[in-house]
Amino acid sequence: MSKSAILKSSIAKKYWMALTGLFLCTFLIGHLLGNLQLVLKTGEEGRRAFNEYAYFMGHNIFIKILSWVTYISIIFHAVDGFMLTFQNKKARPQNYAYNNPGANSSLPSRYMAILGTVVLVFIVTHMANFWWKAKVTEDIPLHVKEIVVPGNPMMGQPDQKMELYLTTSGNYMPIQKDQVVFKNKTEIYDKTFDIKMGEGYKDLHTVVMKFFSKENELGLVYLIFYVVSMGVLAFHLWHGFASAFQTLGVRHKRYTPAINFIGKAFALLVPLAFAVIPVMIYMR
Amino acid sequence: MASKTININLKIWRQKNANAKGSMETYKLDNVSTDSSFLEMLDQLNEQLVNERKEPIAFDHDCREGICGMCSLYINGEAHGPDRAVTTCQLHMRKFKDGETIYVEPWRAKAFPVIKDLVVDRSSFDRIQQAGGFVSVNTSGNTIDANAIPIGKADADKAFEAATCIGCGACVASCKNASAMLFVSAKVSQMALLPQGKVEAKQRVLNMVKQMDEEGFGNCTNTGACAVECPKEISLENIARMNREYLKAMVTAE
Ligand code: HEM
Ligand code: SF4
Ligand code: FES
C-alpha cells in the first residue's frame, strides 16, 4: 500500500476526520469540567478553585502534551474538512434545478462544513479572548485577596487593609504592595533583597467573570455569540458523533442504537452545559 | 377500477449532446393515465413531440420492471422520484396530482457526464467493478460447485441483499457529495461476506476505492440520503463494512 493513501484516499481522509472529531469530543468533556469550576463554587473558594485548576492545566506535562494534540487535531480536522468539502463540491459541477434533500437526509448532516466553520470562528475568537491573554499578554493580575485586619479603636489603631497573594505553595502570603516586584509575570520578589518569595496564580477567574459581566460593555454581545456558537456546535455533534463511528466501521445491530442515543444526548447536554456557565455569570 | 387521467406540466432537462449547454424546457401533457408508469408518461410525451415534428426526449430504460438498473431520472428533487424502494420504471403517475409541475433532470455528477438530454454515462461504475468486483474461480476442469461450501445463513442473506444492487446510480445522484460509497460498498460486501470472496479481499477494496476516487466521485459524509433513495434499499451497514475492510487492508496490505 502506498503511504500516500493514508492521507489521500477518500476513506482514509474520513478516518482522520472521525478520529480527530472524536478526540475533540473528549477534549470538550475535559474543558467543560474545568469551566464548571467557575460556577460550582462561589466567592473566594470558587476563585481559588478555578485559578488553581488553570495553573495545573498550564503546568502539567501530561496536560501540555494533550493540549498540543488538541491544537493539532483542531487544525487537522478543519483543514481535512475543508479539503473534503472542496472535493465534494467538485464532484457535482452542475447542481439540480430542483432539489428536495429534506426528503432523504437531516439538516445538520448536510451543513457540517458550515457548522464547522462557525465553530472554527468561535474557537479562534475564544482563544484570542482567553488563551492568548492567559499565555501571552502580561496584563493579567495575580490572585490577590483583600482582607481587613481589625484595628484596636481603644489604642487608636484603625482597621488595616491587607493584600494576600495566593501562591503555588498552596498558601496565602501577606505582602505589602510597595515592597515587592514581579518577574516572569507570576514570580513575586522582595524589592530590597531580590529574593523570590513565591509564585502567584494568574487571576483568570476575574478575567472571565469580568468578560461576561454587565460591567463589560460588550459582555452581552460576547454572551450571545457564545450561546449561539454552542447551539451550532450542538448541531455539528448531532450528526458528527454517530457519524464518526460509522466512518470507522463501528456498526452493529445491538450497539449502534446506543451510540446514536449517546451521540444525541452528548450533542444536547455538553453544549448546553457550556452555554449555561456564561449565562449564570452574566445573571449574577 | 376506472382509470383516472391527469393533466401535468413538465420541466425537463434538454441537452443536444455532451458538449452542448442544455437548459430546462417546459412541456404540457394532458390525459395521462394514473395507472401508467413514469416512463410510459414520457413515451406519451415523446409521441406528442414526434407528432409536432420535434426531437423526442432521450432517456435510459431497458427492462421496465425494476431489475436492470438502466432507468434513472431525478424527479421533483429525488432520484427515481418521490416513491420509496422503486425505480423510475416502477413509479406510477398516481403519485402525482392533477395540474402538478414535475421537474425531470439527469443524474448530476462529474463522474456521470450527460450524453444527451436525460441520458448519462455511467461507465465509471463499470470501471470500478472491473477494478476488483470479481472472484477467482478454478477453471481447470475440476470446478467446485459453489453450493458445496457451507455458508452461514446470516452472511448469505447479507451478501444476497448487497448483491441486489442494480448499479442504477441513484445513490450518487442523491448524495450531496455525489459519492458512490453505497454502490461500491454493496459490491465490496457481496463478496467480502462469502468465502469465495476472501482470496482477493484486501486488494479488491483497495483497488475499487482507488478507482472510485479517480473517477471523481465525492467523499461520504454519512448523510444517509443514498440508502433512503436506493430502489433496492441497500443498507448503510455496507458502507460501514467497507470502511472496516478498507482499514484492515490499508494497514496490512503490502
Ligand atoms: C470542538 C470542535 C469540534 C468537534 C468536537 C467536532 C467533531 C466532529 C465529528 C465527531 C465529526 C464526524 C466525523 C465523521 O463523520 O467521521 C465531524 C465532522 C466534521 N467536522 Fe467537526 N468538530 C469540531 C470542529 C470543527 C471545525 C472547527 C471544523 C472546521 C471547518 C469542522 C468541520 C467538520 C466537517 C466539514 C465535518 C464533516 C465531515 C464529514 O461528515 O465527513 N469541525 N466533526
Ligand atoms: S446502491 Fe442502490 S442506488 Fe446505488 S447503484 Fe445500487 S441499487 Fe442503485
Ligand atoms: S428500466 Fe430496468 S430498472 Fe428501470
>> When the residues of the range B:234-254 are narrowed to those that are farther than 16 Å from B:Val188 by Cα and assigned to a loop (DSSP other than H, G, I, E, B), which ends up nearest to the other protein chains (Cβ to nearest Cβ)?
In response: B:Ala253
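Rundown of residues vs (1) farther than 30 Å from A:Phe235 by Cβ; (2) in contact with a Leu (Cβ under 8 Å, 6 or more places away or on another chain); (3) modelled with pLDDT of 95 or more; (4) buried (at least 20 other Cβ atoms within 10 Å of the Cβ), yes/no style:
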{"position": "B:Cys171", "(1), (2), (3), (4)": "no, yes, yes, yes"}
{"position": "B:Ser179", "(1), (2), (3), (4)": "no, no, yes, yes"}
{"position": "B:Leu182", "(1), (2), (3), (4)": "no, yes, yes, yes"}
{"position": "B:Pro231", "(1), (2), (3), (4)": "yes, no, yes, yes"}
> Restricting attention to the range B:199-206, does a residue exist that is open to solvent by 60 Å² or more (accessible area, probe 1.4 Å), farther than 21 Å from B:Cys71 by Cβ and within 16 Å of ligand 2 (Cβ to nearest atom)?
Replying inline: no
> How many residues does the range A:238-261 contain that are farther than 17 Å from A:Leu107 by Cα and without any contact (Cβ under 8 Å) to a residue 40 or more places away in the chain?
Replying inline: 13
> Hey, A:Thr137 hits all of (1) part of a loop (DSSP other than H, G, I, E, B); (2) within 14 Å of another protein chain (Cβ to nearest Cβ); (3) not small (Gly, Ala, Ser) but one; which does it fall short on?
Replying inline: (2)
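Taking the options B:Ala111, B:Ala146, B:Ala131, name whichever one is on the phi < 0 side of the Ramachandran plot, open to solvent by less than 70 Å² (accessible area, probe 1.4 Å) and assigned by TED's automatic domain parsing to the domain that holds B:Ser33.
After applying the criteria, what remains is B:Ala111.
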> Only one of (1) outside any helix (DSSP H, G or I); (2) touching a residue at least 60 places away in the same chain (Cβ under 8 Å); (3) open to solvent by 80 Å² or more (accessible area, probe 1.4 Å) is not met by A:Phe235, so which one is it?
Replying inline: (1)
>> So if I check each of A:Ala113, A:Ala54, A:Ala97, which one is open to solvent by 30 Å² or more (accessible area, probe 1.4 Å) and away from ligand 1 (no atom under 16 Å from the Cβ)?
In response: A:Ala97
> Looking at B:Leu39, B:Leu45, which is the one that is open to solvent by less than 10 Å² (accessible area, probe 1.4 Å) and either within 16 Å of ligand 2 (Cβ to nearest atom) or free of Cβ contacts under 8 Å to residues at least 40 places away in the same chain (or both)?
Replying inline: B:Leu45
> How many residues does the range A:238-264 hold that are open to solvent by less than 50 Å² (accessible area, probe 1.4 Å) and at pLDDT below 95?
Replying inline: 0
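The values are calculated or read from the model by the stated rules, or taken from the named source; none is laboratory data. It should be emphasised that the depicted structure is a prediction, and the values quoted were computed from it without experimental measurement. Note that we place each Cβ from the backbone using ideal geometry, even for glycine, and neighbour counts take in every protein chain shown. Side chains included, ligands, DNA and RNA excluded: accessible areas come from the protein's heavy atoms. Shrake-Rupley method; radii C 1.70, N 1.55, O 1.52, S 1.80 Å.
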